[in-house]
1. Do the conditions hold for Val119, that is, is it part of a strand (DSSP E or B), within 12 Å of the chain's Cα centre (by Cα) and within 11 Å of Val55 (Cα to Cα)?
2. Quick one: in region 70-118, which of the residues that are surrounded by fewer than 15 Cβ atoms within 10 Å (Cβ to Cβ) and at pLDDT below 95 is nearest to Phe44 (Cα to Cα)?
3. Going through region 52-87 one residue at a time, which ones are in contact (Cβ under 8 Å) with a residue 40 or more places away in the chain and either assigned to a strand (DSSP E or B) or hydrophobic (A, V, I, L, M, F, W, C) (or both)?
4. Quick one: in region 88-109, which of the residues that are free of Cβ contacts under 8 Å to residues at least 60 places away in the same chain and in a strand (DSSP E or B) is nearest to Ala37 (Cα to Cα)?
5. Within region 56-66, identify whether any single residue is under 11 Å from the mean Cα position of the chain (by Cα) and closer than 21 Å to Thr30 by Cβ, and answer yes or no.
6. Taking the criterion of being small (Gly, Ala, Ser), within 19 Å of Val119 (Cβ to Cβ) and modelled with pLDDT under 95, would at least one residue in region 53-60 satisfy it?
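The values are calculated or read from the model by the stated rules, or taken from the named source; none is laboratory data. Note that the structure is predicted; figures quoted are calculated from it, not measured. Glycine also receives a Cβ, built like all others from the backbone with ideal geometry; neighbour counts cover every protein chain displayed.
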Amino acid sequence: MALRMVVVSATLGAGAALYGCSTYTNVSTTQIITKIAGDSQTAFAGTVLPVRPAVQITDSLGATVSGVTVVFAVTSGGGSIAGGTVTTGTDGIATSGDWKLGTAPGSNDVTATVSNANVHFVATGILDTLPGAAARKP
């Protein structure tokens, strides 16, 4: 399931309101942030998740938007995220660096923010109780 968040609303110039008018000025498009990878993962606490969080920015017509700055930040659970500030490519996609979970088992969150909108990624850190766990601790 993709979560979409409106970032900027569409605005049409006064000329667009006229019936039969074929041109208008002052057009801005809606930007939508959508999670595309890295949500709902589970791994041992204190380890790096296998899939890095990624979002795609599109306009109200579904076209990708390049050059948008996206900030990824850990918002709960501890841990870290590498490459926290990323710019979307020509495909409208911004992917963070590695997301390392906090050392305590439980919920971990990362938020991707664009302008005044954001989406949240959730991961669960579990306790490593397999033989040799102490030797694998980060």
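1. Numbers: part of a strand (DSSP E or B): yes; within 12 Å of the chain's Cα centre (by Cα): yes; within 11 Å of Val55 (Cα to Cα): yes.
In short, yes.
2. Out of the qualifying residues, it is Gly83.
3. Ala54, Val55, Ile57, Val68, Thr69, Val70, Val71, Phe72, Ala73, Thr75 - these are the residues of region 52-87 that are in contact (Cβ under 8 Å) with a residue 40 or more places away in the chain and either assigned to a strand (DSSP E or B) or hydrophobic (A, V, I, L, M, F, W, C) (or both).
4. Taking region 88-109 and keeping what is free of Cβ contacts under 8 Å to residues at least 60 places away in the same chain, we get 88-98, 100-104, 107-109.
Now drop any that are not in a strand (DSSP E or B), which leaves 93-95, 100, 107-109.
Details: Ile93: 10, Ala94: 10, Thr95: 9, Lys100: 15, Ser107: 18, Asn108: 16, Asp109: 14 Å.
In this case the residue turns out to be Thr95.
5. Taking region 56-66 first, the residues under 11 Å from the mean Cα position of the chain (by Cα) are 56-57.
Filter again for closer than 21 Å to Thr30 by Cβ, leaving 56-57.
Yes, the conditions are met somewhere in region 56-66.
6. Checking region 53-60: at least one residue is small (Gly, Ala, Ser), within 19 Å of Val119 (Cβ to Cβ) and modelled with pLDDT under 95.
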